[in-house]
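Novice: Please find one structure pasted underneath; my questions will follow.
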Amino acid sequence: MGQKVNPYGFRLGITTDWKSRWFEERHYKDFVVEDWKIRDYLMTQLEAAAVSRIEVERTRDRLRVDIHTARPGIVIGRRGAEADRLKKHLEEMTGLQNRIQLNIQEIKQPELDAALIAQGICDQLVRRVAFRRAMKRAIQTVQKAGAQGIKVQCSGRLGGSEMSRKEQYREGRVPLHTLRADIDYGFREARTTSGRVGVKVWIYKGDILPYKVSIEDKITREAAMAVGETSGQSGPRRLITAGGGRRRAETFATDADADADADADADAETEAEVETEVEAPAAVNGARDEAPTEMHEDTDTDSDQPVVDLLPQPTEPDELERQLNQDEEMERQSRHEHHEAPHFRKESD
């Protein structure tokens, strides 16, 4: 038995997000079947629209469907006629009248989408293009787009042969066992005259490093506060990390940090309002003038505290970068030592 794992499921909850986002206890299986019907209907109706993936999100009484496509004009149709037709059929399918939101999102770089690359190879195989030429052309397209590595595999009756086989080509690095690697995986089937041919594509786009997200969030929040906005208005980009184990606060930027900053700003604003209310009776009495000034100084220090916390630490990325480089160097050396097989030569007399 082979130990092949889907790259999407392998990194689910760590660097990739769920394609269906909802929770249900009683009608779980009904919702799973409904999601499958929605995706099957949309993929059947939008074969020429270059649809990469379909995400489903449910709330208490509403349903949102996100269609990621490289040709949004085909999905929308003339004056939105096609989108209205799809939405109406989804309402009949699910029974949610006027409670379905259909979002059409454009893919900016279709050359770096594994599902679209696999679909392109399938279209060429259906038109009886040589499978080797189609695979190599796809590899060249992805490399020109800036990917660090790509692997393409075709399985089935290649070239119309009687015996099915597998052919694969790889260029660059495709570290399937590295969890922080950003690997896009796509699978499509080509319905040829001699049978179905499965096409799998892996595209390696680089590593997802937590400290880069942390520093970018800090810079964004500082810029928002400099303009005059509060840091809690625009939430940071969420990095999905697996549970279990201790995490260093300076390494991962979690949602709790953003909530804490927002609470600190809210406390500072409420204390400023209390201060203005205290100053008015103090001016009338004339005997408690020092108390408001002391409270004003305390609120200034409290309001300045979040700004100090948001300052970036210049030593943090350098230390992490050095640690990651050391880990990669040790991994490279160990891999070289273990995988280098000894060569036995026959001694000549």
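Novice: Which members of segment 137-164 meet the condition of being surrounded by 15 or more Cβ atoms within 10 Å (Cβ to Cβ) and under 26 Å from Leu209 (Cβ atoms)?
Specialist: Correct list: Val142, Gln143, Ala145, Ala147, Gln148, Gly149, Ile150, Lys151.
Novice: Hey, can you tell me all the residues within segment 102-123 that are open to solvent by less than 80 Å² (accessible area, probe 1.4 Å) and acidic (Asp, Glu)?
Specialist: Glu111, Asp113, Asp123, listed by residue number.
Novice: Across segment 165-197, which residue is surrounded by the fewest Cβ atoms within 10 Å (Cβ to Cβ) among those that are among the hydroxyl-bearing types (Ser, Thr, Tyr) and either in a strand (DSSP E or B) or without any contact (Cβ under 8 Å) to a residue 24 or more places away in the chain (or both)?
Specialist: Applying the filter and picking the extreme gives Tyr169.
Novice: Within segment 78-122, restricting attention to residues that are touching a Phe, Trp or Tyr at 6+ places or on another chain (Cβ under 9 Å) and in contact (Cβ under 8 Å) with a residue 60 or more places away in the chain, which residue is farthest from Lys37 (Cα to Cα)?
Specialist: Per the criteria, the residue is Ile121.
Novice: Yes or no: Lys108 among the charged types (D, E, K, R) and within 30 Å of Leu86 (Cβ to Cβ)?
Specialist: Values: among the charged types (D, E, K, R): yes; within 30 Å of Leu86 (Cβ to Cβ): yes.
Considered against the rule, which asks whether it is among the charged types (D, E, K, R) and within 30 Å of Leu86 (Cβ to Cβ), Lys108 comes out as yes.
The values are calculated or read from the model by the stated rules, or taken from the named source; none is laboratory data. Just so it is clear, the model here is predicted, and its values are computed rather than measured. As a convention, Cβ positions derive from the backbone with ideal geometry for all residues, glycine included, and neighbour counts pool all protein chains shown. We work out accessible area using only protein heavy atoms, side chains counted, and drop any ligands, DNA or RNA first. Shrake-Rupley method; radii C 1.70, N 1.55, O 1.52, S 1.80 Å.
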